[in-house]
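The values are calculated or read from the model by the stated rules, or taken from the named source; none is laboratory data. All figures in this text were calculated on a predicted structure; none of them were measured in a lab. No Cβ is skipped: glycine too gets one built from the backbone with ideal geometry, and neighbour counts run over all protein chains shown. What goes into the accessible areas is simple: the full protein's heavy atoms, side chains included, and nothing from ligands, DNA or RNA. Shrake-Rupley method; radii C 1.70, N 1.55, O 1.52, S 1.80 Å.
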Amino acid sequence: MPSIRFEGTEIWLPDEHARFIEALHKFGKDWQLMSGHIATKSGKKTRAYAVRLACHWRNNPDLEDAKYLPMMEEPSLKHD
């Protein structure tokens, strides 16, 4: 998998993206806990990436990772 970059975000390496998916499973949309798991991105950068990634998945539902979109669209248990 190549590096991922959306307009307005920095590059996310494949291992960072994989840790993002793991963190999404473990922590839901708790950006601070997710950023701790990712270890190389802040909570703010993690949230910005999530917003752009969700939009990308909505526009490209045939992508394998688009199966995670429902997890991204669930209401957060805490305020974002």
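So the values come out like this:
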| item | result |
| --- | --- |
| Pairs where the first residue, in the range 40-60, is in contact (Cβ under 8 Å) with a residue 24 or more places away in the chain and within 15 Å of GLU7 (Cβ to Cβ) and the second is hydroxyl-bearing (Ser, Thr, Tyr) and part of a helix (DSSP H, G or I), C-beta under 9 Å, 6+ apart | LYS45/SER35; LEU53/TYR68 |
| Failed condition for TYR68, given (1) of a type outside the set (D, E, K, R); (2) outside any loop (DSSP other than H, G, I, E, B); (3) open to solvent by 80 Å² or more (accessible area, probe 1.4 Å) | (3) |
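Rundown of residues vs (1) small (Gly, Ala, Ser); (2) at pLDDT 90 or above; (3) part of a loop (DSSP other than H, G, I, E, B), yes/no style:
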| position | (1), (2), (3) |
| --- | --- |
| PHE6 | no, no, yes |
| ASP15 | no, yes, no |
| PHE20 | no, yes, no |
| SER35 | yes, yes, no |
| LYS41 | no, yes, yes |
| ARG47 | no, yes, no |
| ALA54 | yes, yes, no |
| PRO75 | no, no, yes |
| HIS79 | no, no, yes |
